[in-house]
1. Which of the listed residues, Met409, Asn281, Ile64, is farthest toward the dipole's positive end in the chain, when Lys, Arg count +1 and Asp, Glu count -1 at the beta-carbon?
2. When all C-alpha to C-alpha distances in segment 327-378 are sorted into bins of 5 Å, what percent of pairs does each bin hold, rounded to whole numbers?
3. Helix 132-150 versus the longest principal axis of the chain: what angle, 0 to 90°, nearest 10, using Cα atoms?
4. Probe radius 1.4 Å, ligands and nucleic acids left out: which of His114, His553 has the largest accessible area, and how do the rest follow?
5. For Val488 and Ile32 in one chain, what is 0.36 nm times their gap in residues minus the Cα-Cα distance, to one decimal in nm?
6. Residue farthest toward the positive end of the dipole of the chain, with Cβ of Lys/Arg at +1 and Asp/Glu at -1: which of Ala4, Leu340, Ile589?
7. Identify, among Gln486, Leu237, Val579, the residue whose Cα sits farthest towards the positive end of the charge dipole of the chain, taking +1 on the Cβ of Lys and Arg and -1 on the Cβ of Asp and Glu, with the dipole about the Cα centre.
8. Measure off, as a whole percent, the carbon and sulfur share of the 1.4 Å-probe accessible area of the chain, all protein chains present.
Amino acid sequence: MAKAAVKALYNVDAEDSQISLQKTRPEFEGNITLVVFPFVKLARKAPAQVAAEIGEWMTKEAHIISKFNAVQGFLNLSISDAFWVEQLQGIDADENYGRFDRPNSQMVNDQMVHPLMMVEYSSPNTNKPLHLGHVRNNLLGYSIAKIQEANGWKVVKTNIVNDRGIHICKSMLAWLKFGNGETPESSGKKGDHLIGDYYVRFDKEYKKQIAELMASGKDEETAKREAPLMLEAQEMLRKWEANDPEVRELWAKMNSWVYAGFDETYRKMGVSFDKIYYESNTYLEGKSEVEKGLASGQFYRREDGSVWADLTKDGLDEKLLLRSDGTSVYMTQDIGTAKLRFQDYPIDKMVYVVGNEQEYHFKVLSILLDRLGFPFGKELVHFSYGMVELPNGKMKSREGTVVDADDLMEKMIEDAREISKDKVNTLQGITEEEANEIARKVGLGALKYFILKVDPRKNMLFNPAESIDFNGNTGPFIQYTYARIQSVLRKAEGESTSALKGEALSLDPKELALIQRLTEYPSAVRTAGDEFSPAILCNYAYALACDFNSFYHDLSILNEPDPAKKALRLLLAKNVAKVLCSAMGLLGIEMPERM
């Protein structure tokens, strides 16, 4: 419409890039503002005059423009109420509202084929249970995958389990020395928790040995290097890589305990994967590629037998790829994993959801893959996010000072049960099982929303008490708004919205604001996808919930006497619930029907 106005008034073809539309600022009347400065030179007139001329043309030629006002180079347009009612009805009719097909999607044999994005997240070690840091990683990764699906990608959610290496051997060795055959069944512990206890035990005993060696006159570095426990762990790793049957059997048994524990945690957290890779299967592929790079002169071997990459020409330093004893490092494994993934899937974009302390690692990985001749090397995306901190400082797995993911989720659910007890008890005919399900959804919703509402690139301080408040910018506040709407719709069950006649309605400002907010949802989904930021959807859902509660406080729905007005408000409530459920679903948050 703006391009048509410029053509009609000034006989000039405006470019798409010259059309700038934005929401009208609250101090001015109008719904949408057109920035007219790009057309001033074309028209050779003052900005205010250009704005007025375009406004007059639009008002005359476009039935949806009811009036306008010009402020310097800004044209504020008021859109007719009938148009907004049409928009609301369109949202109601669109089953896929807020979802898109990407421009490079194409029809193949009558089916839409979307470009493929692989999103890696979680990446746990099998020497300890998942903790609060893993919670942020998993929630971000799962939500990013859901958001990218809404933006037209076919998404493969993947996990790389770090199931080998010196840290795994530490837990194994501690269990052999101090475990007395303890199992998850005999101890009553989840397998990942049991193994995590032995990782902590190794560190405790290792520190004792270091102290004893230092007391005998050795310096700290020598003591760390010569401590018997560490030497035994290193020998166990060498045996593992040499396929020693006893070490491998112990490794398989203890890892099976951990996998069962991880699966239980993932189920409770509500995250999943389409494909799981294991470092024990990928590191050999990486070693093979490193050996090829060594043979072709891409890498070099030092006198002690270790293999390195010289990255100084890329502005970095030298990177170890194979230790002097031939064992591999994380970089070796990541090279092999990337190779296997691109063999397994036609990946168009590979996204690693990994904390910002690994930014250097992924710069190096991209360069090494490119040097090894993999065309996807330069296209890898490291989604770098900030750490989760606690009021009393950082977490340390070796010392057991972590917030365990299972304990955290259970505490959140229990807190939700206690806080919502009075509200739940007022519900008619609710069973204990239903009350527990509400508490689960609210507790986990509080946890997920609190973590996801923070800009993912920032460090965050986790405060469970703030997260579960039923007021303010929290998950429970949005869930309660949704449940309130469901209550209204149940009471209005059977009532038709056929009395809604858009051309005969005059919208209340609260109704108009709510419809406008609903129309902004697709843009929020698109921006969240472009920026890889679930926080954008959190902010949107909170704003929509606030708008609805303001509307609900001021305007009656069920007791509205005008049939057309009542139909409008019921349709508004229905579509707010629809969009809230969609937005929160992209965050991995379930919505309770009653609270």
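1. Result: Ile64, furthest along the dipole toward the positive end.
2. Cα pair-distance distribution for segment 327-378, in percent: 4, 17, 32, 29, 14, 4, 0.
3. Roughly 50 degrees between the two axes.
4. Numbers: His114 55, His553 150 Å².
The ordering from most to least exposed comes out as His553, His114.
5. Result for the pair: 161.0 nm of gain on full extension.
6. Ala4
7. Val579
8. It is 48 percent, rounded to a whole number.
The values are calculated or read from the model by the stated rules, or taken from the named source; none is laboratory data. All values reported here derive from a predicted model rather than from experimental measurement. Because the Cβ atoms are built from the backbone with ideal geometry, glycine has one as well, and the counts that use them run over all protein chains shown. What goes into the accessible areas is simple: the full protein's heavy atoms, side chains included, and nothing from ligands, DNA or RNA. Shrake-Rupley method; radii C 1.70, N 1.55, O 1.52, S 1.80 Å.
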